[in-house]
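Q: My structure is below; once you've seen it, I'll send some questions.
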Amino acid sequence: MATADHLKMLIKAHFNDKDEQFRTAVLQIAAYEAQQGHPKLARELKTYLEKASKPKCNVINLNSSSELIVYTPTKYSLQGTTQGNGLAGADMPVRFSM
């Protein structure tokens, strides 16, 4: 089991939103557990960190090569666009926005 210092470091990092310190604490706990003869727990902790550090965006595989496109949704606005081309009784320019 992790030492009290490990647990305090883990809790402080969590509540202060210090991701790197949190990761460091988990890795220290994993190393400690491995030294104590608990390699399965050490591997599990490292696996949790690896899963948590994957990027939070959509990756689209285009083909079998290693070319990838990273898609990040963007909000588009048509604000400022005007049209006065005879839309259903529009005597004045029409403004579109999203």
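The values are calculated or read from the model by the stated rules, or taken from the named source; none is laboratory data. This one's a predicted model, so the numbers in the text were calculated from it and none came from an experiment. No Cβ is skipped: glycine too gets one built from the backbone with ideal geometry, and neighbour counts run over all protein chains shown.
Q: Given (1) small (Gly, Ala, Ser); (2) assigned to a helix (DSSP H, G or I); (3) modelled with pLDDT under 90, identify the lone condition not met by GLY86.
A: Going through the list (1) small (Gly, Ala, Ser); (2) assigned to a helix (DSSP H, G or I); (3) modelled with pLDDT under 90, GLY86 breaks only (2).
Q: Between GLU67, GLU50, which is modelled with pLDDT of 65 or more, of a type in the set (Asp, Glu) and either at positive phi or surrounded by fewer than 10 Cβ atoms within 10 Å (Cβ to Cβ) (or both)? If you could, list the steps in order and put the result at the bottom.
A: On the way: GLU67 fails: modelled with pLDDT of 65 or more.
Among GLU67, GLU50, only GLU50 is modelled with pLDDT of 65 or more, of a type in the set (Asp, Glu) and either at positive phi or surrounded by fewer than 10 Cβ atoms within 10 Å (Cβ to Cβ) (or both).
Q: Take the residues of the stretch 1-22 that are in contact (Cβ under 8 Å) with a residue 12 or more places away in the chain and either assigned to a helix (DSSP H, G or I) or hydroxyl-bearing (Ser, Thr, Tyr) (or both): which is surrounded by the fewest Cβ atoms within 10 Å (Cβ to Cβ)?
A: Looking at residues that are in contact (Cβ under 8 Å) with a residue 12 or more places away in the chain and either assigned to a helix (DSSP H, G or I) or hydroxyl-bearing (Ser, Thr, Tyr) (or both), I get THR3.
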